[in-house]
Each structure stands twice: as structure tokens, then as C-alpha cells.
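Structure record follows, encoded as C-alpha cells.
The values are calculated or read from the model by the stated rules, or taken from the named source; none is laboratory data. These numbers come from a predicted model, not from an experiment. Glycine also receives a Cβ, built like all others from the backbone with ideal geometry; neighbour counts cover every protein chain displayed.
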Amino acid sequence: MRRRLAIFLLLLAVLVLVGTGCIKRESYVIKIGVFEPITGANAAGGQLEVEGIKLANKLYPEVLGKKVELVIVDNKSDKVEAATAAARLVEKEKVTAIIGSWGSSLSMAAGDIVRQGKVPTVGASCTNPLVTAGNDYYFRVCFIDPFQGTVMANYAYSSLNARKAAIIQEVNNDYAVGLAKFFMDSFKQLTGDEDSIVAVANYNTGDQDFSAQLTNVKAKEPDVIFAPGNFTESALIISQARKLGITCPFIGGDTWETQEFLDIGQEAVEGAVFSTFFATEKPITEESAKFIEAYRAEYNKEPAAVAALGYDAYILILDALKRAGTTDRVKLRAEIAKTENFPGAAGVITLDANGDAVKNAVIKIVKDQKFTYLDTITPQQ
Amino acid sequence: MTLDLFLQHLSNGISLGSLYALIAIGYTMVYGILRLINFAHGDIFMMATYFAFFGIVTFRIPWFITFPLVLVLTAGLGMGVETVAYRPLREAPKISLLISAIGASFFLENLTIVLFGGVPKPFPAPKLFTDVVQVGAVSIQKLTFYIPIVTVIALLGLMYLINKTKTGMAMRAVSMDHETARVMGININRTISFTFGLGSFLAAVGGIMWGMKFPQIQPLMGVIPGLKCFIAAVIGGIGNIGGAVIGGFILGIGEIMLVAFLPDLTGYRDAFAFVLLILILMSKPTGILGEKTAEKV
């Protein structure tokens, strides 16, 4: 009996110690939530962003004399889980700001929660315009899809001389559907032909068999296939297309730039072209050089564009915190909105009225199983 | 739609259908013997693809050694799951077993996420199987010929095993009545364990074929194929091995034709399987080849 009491008292003592430890720690740290897909279909993209954010945290661990602590939550590549994960950051962890998420649908699922909770959130690579539209608390450090769609339509029309295009889109992904729409509008305008889009095929996230859609697309004989969507499904689509004897070029969006796209697609994705944010061959700012060097040293591989954007989102928040001089979320939000000519790793960031960054796009091609720089496109003012 | 186009769709459908059939066989066999829907079947299937990945990519063992090894390991895993999750519940009501099966399924999925990470990995498919053959205007992957052959071999082998061998006789006896079978001197635990091993062996065959056709593996990859093959088994008449093959083909060809002829409904592709299930259950609850069974009181 006495022994049990002793154990109980010991446990109580430990609890009290741990408890006070927590309380003490709270006031000395600034919590920044990281809201990314760590598991599920988008995991590879989410993990690249987390790598960039962690690296930024390592290089810039402090602000306002306090340590910055990252609270990483997994939104499991799922819209419902994304809302729960965002709510956890806002209500339970009470973070000062949030970074994320890879995937526009996931970011949009969190939109209302961060707006109502008044937590300033900076997206790294979510490019759908609706993420920040009508939401004062959502910002992003990347360009948006109307621009990206135009860039790829121009590429298809001018560089590939394509006059007939087919679309294969991930129909339950707002990013893919949005990007496909902007591409189609722009391509029709360029060709001056309403029927220049010869086929639109759909698929769902997680689908593995695309033979029926591809067989239909093949019958329409397009010059180019625009297939925005998740990297795994896209790689499977391209490799199944090649097996069905489709030889025309495949072009896509920024989501393709993951090692998994190459690993799964192998020689089938050779020659695939897509638009993205940043290329290591063309460092833009001093911060780019610093980032590229530190990333190579830390992870022993070449950085992807989304890793650079995750890094940028973090240093942008830190910069705004410095200017605000407080962790008050409303003041922080106002400072983030004022960001102008901020030198990030993936280019200079100026946020417009919607909270979107206006910057150049980079076109890359898969060559010898590597992402290789092709061109830089500047937005028309 | 031209004839060539239709033939291409048909070949795609047969290829997918035979894959469903292959996995459904294992599902239905376990149910036929034990009256247990093994919801962990899809996850055992997923584990098999990971074993193959580690064998070929990590340990650089050639595929012709890795694949048999994978079959044995997966069969062992199935027996392990049976020992841990189902054996202690042998005398418990069926519903407890069902819940335990769902638990085993979640456990395997999350274990894989923790151990191997949630990022999809490429499946190392040997070139020999993935080459493409041109038949007129139709492009067919060699695998499309192999999968139905493997399915038929598995079907015939299983039918022989169950109907002609002593072990098969023991399995059938256990499926009728545990107590009486025990009185007749049949080792119940060993027979059930063997049944699970065999079911998992078939799941592994399906997993290897699936991985070669869709060369991307991730911890939750077994969920949808598991559900679809369960539906295929129910459509054919759950417990009936020939029925599972028929159900698999109906589902596979149906899905492809839905996407081919009604492209606007592509998003409802998975829903198609469930609608089909509901229709079958409403019109013929025992499935196409299912026998009428009186509920035991």
C-alpha cells in the first residue's frame, strides 16, 4: 500500500514538473504551424515543402528574441482531414502563423478556419486563385494558375507548334481543374479555334488505371496532351499512354517536380515539360544561393522549387514578425500584406491586393531522368 | 466508335478484370471456408508489394528469386495475422471477428506508414512483363496476356486443392462444422491457419501482378482494390471461387466501358462498383453463382 502511494506521489511529481516545464516553455517560443500532406497521395510534395521549412527554421531559429517552434500537422492529402488539421493548429496549438499546404484543394479546405480564427497563413505552392480570393488571412509566395495556364498554352502553341490539344485532368482536384481551364481558354485564344481542344478526360485522385481515358484521347489524335494533376497519377498516365502507343508530348504543371514522378514514370516521362517556380541553374537572389548551398549540405540532393517556396514562406513570416514587433496575429497579418520586394530563395516577392505573389515562371523538361531548366517567362504587366 | 477502338477498350477491360478476379479468389476462398470477411486482405496484398520492392530494390535480389520469396513471406504474414487477430476469437460471435479484421487492416496500414513512410514508391517491374505487343491497331501489354493465365492457373489449382486433396477435404469439413470436424480428428487450428496462408499467398500473387501493371505502391493502395474485389466476390456469389472470377471480369470490363462510353461519368467510376453491388444485393442477394444458404440458428 505504502509502495503504491510512493509511486503515485512520484508520478504526480513528474506530472507537475512536466506541466510547469510546458508553461515556462510556452512564453519563450513562437509557434508556427506547418500544415502539409505528410502521408497519402500528395505526400512527396508535402514532404519537400516541409524540408524547405525545416531548413529555414534551422538557419533562422529565432525572432523577437524568442525561439521559433514548428508544429507540423499532417493533412493526409484529404480535404476532410485538412480541415481537422487546420482546426487543430488554430484552436489547440494556438499558433501565431501557419505555412501550407501543398495542393490547392487542401489549402482551400483550411481557408474558412484560418480566416475565422484570424491566423495569418502563407501558402507555399498552392496556385489556385480561389485559395486567397476573399480571404484576408491567406497569402502565398507563388504565382497563380491563370498565369501558369497561359505560360503552358504559349509553350504548346509556339514551341511545340501544337494546334490540337487534349486535356487529362484530376477532376476532384481544384488545382488541376482550374489550371486546365486557364490553359484551355488561353489555347483557344492563341489558335483562334474554338475546337482546338479535341478531348477532355477526367480521373480521380488515387486512380491507377487510365487505359479507357487514354484510348479515347488517342482516337482524337492531339498534338499535345496537357495533364495537370498529382505527380503519381500523372507519371502512371504518361507511362500507360506510351504503352498504348501515344507518342505526342505531355505537358503539365508545377506539381510534377518530385523525385517520385521520375521514379514511377522512368523512361516514359522523358521529355515531359512543365512550368514551375524556380531552377537551381538560375539562382535569382542572394537568398537563392544561400538556400541552394544549405539545402544540398542538409539533404544531399538538389532542391525542388516547392522546397524553396516553403523556405520563402517561413522567412517571409519571420520578416513580417520583425516589422510587427509583436506576435499579435492581426498586426502580423497587416505586416505580411505590406510585403514588397522581399528577396526570397525562389525570387523577389511582392504581394498584390489578393495576397498573391507576382513573379516569373520557369519551364523545365525531363532530360536523362533529371529536371532540366528550359526557359524563364515574365508575367506581362 | 471504330472496331479497333472497341477492341482496345475490351483488352483494357479484360486486363483489369482478370486482376480483380485474381484478388477476389483469395477473398472468397477465406469466406467460403471460415464465413469470415477478411478485411485485411487488401492490406496483405499491399504488404506483398512492399516485400517485392525491398527484395528487388533494397537487397537487389533478382525478380525470379524475389517473387517466390514474396509469396512465402506473405503467406507467413497471413498466418501471423490469423494467429494474433482471429485465433483468440475462435469461439466469439462472428461480429467480433469482423471488427478484429477491420482492426488488423488499420494496423497493417498504419504500421506501413510508420515503417516505410507515406510517400509512394516505384514498383520494380521486370521489363520482360511490361513490354508492349501490337495486334493490328491495338496495343497490348504482355502483362495483359499473363494476368488471365495466372488467374486461370490459380483458379484451377485452388479448385483441385479444395476438391481433390486431403487438406482440401479438411477445409471443407471445417467450413461445415467446427465441432464435428474436430471430433473427426481434424486439427482445426492448423486447417484454418493453412486457409489464411493460402489466401494470403493468392493476395501476394495479385499484389505482384498489380504492382507490375500499376508500378506505384503506397501504404493505402490496398483499400480500394480490397473493396472492389470484395464487391467482385459478392457479385459472383461470396464463397464461390468460380463466381469470384466472373464477378471480377464483370466489374473490370464494366468500369472500363463506363469510362469509355460515358466519359462524363468518369468521376463516378468507384461509385459504379458500389451501385452494382447494391443492384445485385437487391435482385439476387446470394450473387450470380451463390448457393442458397439457410441462416443457422
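Which residue, of B:Phe39, B:Phe129, is aromatic (Phe, Trp, Tyr), modelled with pLDDT under 90 and part of a loop (DSSP other than H, G, I, E, B)?
On the way: B:Phe129 fails: part of a loop (DSSP other than H, G, I, E, B).
Of B:Phe39, B:Phe129, the one residue that is aromatic (Phe, Trp, Tyr), modelled with pLDDT under 90 and part of a loop (DSSP other than H, G, I, E, B) is B:Phe39.
Give the range B:113-139 a look and list any residue that's over 23 Å from the mean Cα position of the chain (by Cα), at negative phi and surrounded by 16 or more Cβ atoms within 10 Å (Cβ to Cβ), or say none. Even if it seems obvious, please write down each step before you answer.
Quick first cut of the range B:113-139, residues over 23 Å from the mean Cα position of the chain (by Cα) only: B:114-115, B:117, B:119, B:127-128, B:131-139.
Retained after the next criterion (residues that are at negative phi): B:114-115, B:119, B:127-128, B:131-135, B:137-139.
The answer is B:Val119, B:Val138, B:Ser139.
Do you know which of the residues in the range A:348-364 that are more than 16 Å from the chain's Cα centre (by Cα) and among the charged types (D, E, K, R) is surrounded by the fewest Cβ atoms within 10 Å (Cβ to Cβ)?
Only one residue tops the list, namely A:Asp352.
To keep it simple, each residue is scored yes or no on (1) in a helix (DSSP H, G or I); (2) buried (at least 23 other Cβ atoms within 10 Å of the Cβ).
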| residue | (1), (2) |
| --- | --- |
| A:Thr255 | yes, yes |
| A:Ala268 | yes, no |
| A:Gly271 | no, no |
| A:Phe278 | no, yes |
| A:Ile284 | no, no |
| A:Glu287 | yes, no |
| A:Lys290 | yes, no |
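Looking only at the range A:122-134, which residues are touching a helix residue (DSSP H, G or I) at 6+ places or on another chain (Cβ under 8 Å) and free of Cβ contacts under 8 Å to residues at least 60 places away in the same chain?
Here is the first cut: in the range A:122-134, the ones touching a helix residue (DSSP H, G or I) at 6+ places or on another chain (Cβ under 8 Å) are A:122-131.
A:Cys126, A:Asn128, A:Leu130, A:Val131, listed by residue number.
A:Glu194: at positive phi, part of a loop (DSSP other than H, G, I, E, B) and more than 7 Å from chain B (Cβ to nearest Cβ), yes or no? Give the steps one after another, and end with the answer.
Details: at positive phi: no; part of a loop (DSSP other than H, G, I, E, B): yes; more than 7 Å from chain B (Cβ to nearest Cβ): yes.
No: the conditions fail for A:Glu194.
Across the range A:181-237, what is the total count of residues that are closer than 21 Å to A:Gly271 by Cα and surrounded by fewer than 19 Cβ atoms within 10 Å (Cβ to Cβ)?
Residues meeting the conditions: 2.
Which ones in the range A:303-338 are free of Cβ contacts under 8 Å to residues at least 40 places away in the same chain and more than 16 Å from A:Ala56 (Cα to Cα)?
Passing the criteria: A:Arg323, A:Ala324, A:Asp328, A:Lys331, A:Ala334, A:Glu335, A:Lys338.
Quick test for you: out of B:Val84, B:Val70, pick the one residue that is surrounded by fewer than 16 Cβ atoms within 10 Å (Cβ to Cβ) and at pLDDT 90 or above.
B:Val84
Looking at B:Ile65 and the list (1) within 14 Å of chain A (Cβ to nearest Cβ); (2) surrounded by fewer than 21 Cβ atoms within 10 Å (Cβ to Cβ); (3) farther than 25 Å from B:Gly242 by Cβ; (4) of a type outside the set (S, T, N, Q), which single condition is not satisfied?
(1)
Report every pair of residues separated by at least 6 positions or lying on different chains whose Cβ atoms are under 8 Å apart, first residue within the range B:101-112 and surrounded by 14 or more Cβ atoms within 10 Å (Cβ to Cβ), second of a type in the set (Val, Ile, Thr).
Between residues of the range B:101-112 that are surrounded by 14 or more Cβ atoms within 10 Å (Cβ to Cβ) and residues that are of a type in the set (Val, Ile, Thr), the close pairs are B:Ala101/B:Ile37; B:Ala104/B:Val81; B:Ala104/B:Val84; B:Leu108/B:Ile44; B:Leu108/B:Val81; B:Glu109/B:Val223.
Which ones in the range B:20-48 are within 14 Å of another protein chain (Cβ to nearest Cβ) and under 22 Å from B:Leu161 (Cβ atoms)?
Of everything in the range B:20-48, those that are within 14 Å of another protein chain (Cβ to nearest Cβ) and under 22 Å from B:Leu161 (Cβ atoms) turn out to be B:Tyr20, B:Ile23, B:Phe45.
For the range A:215-255, which residues satisfy the criterion of being without any contact (Cβ under 8 Å) to a residue 24 or more places away in the chain and among the β-branched types (Val, Ile, Thr)?
A:Thr247
Name the residue, out of B:Ala75, B:Ala40, B:Ala21, B:Ala52, that is farther than 23 Å from A:Gln240 by Cα, crowded, with 24+ Cβ neighbours inside 10 Å and of a type in the set (Gly, Ala, Ser).
Unique residue meeting the criteria: B:Ala40.
Restricting to helices (runs of 4 or more DSSP H) lying wholly in the range B:149-243: which have 1 or more residues that are within 14 Å of another protein chain (Cβ to nearest Cβ), in contact with a strand residue (DSSP E or B) (Cβ under 8 Å, 6 or more places away or on another chain) and not hydrophobic (A, V, I, L, M, F, W, C)?
Ranges flagged: B:188-213.
Give the residues of the range A:118-177 that are part of a helix (DSSP H, G or I) and under 24 Å from A:Val90 (Cβ atoms), sorted by residue number. Don't jump to the end; show me each part of the working.
As a first pass, look at the range A:118-177 and keep what is part of a helix (DSSP H, G or I): A:129-131, A:145-159, A:174-177.
Hits for the range A:118-177 are A:Pro129, A:Leu130, A:Val131, A:Asp174, A:Tyr175.
Any idea how many residues of the range B:169-181 are over 29 Å from the mean Cα position of the chain (by Cα) and either of a type in the set (Lys, Arg) or more than 21 Å from B:Ala92 (Cβ to Cβ) (or both)?
0
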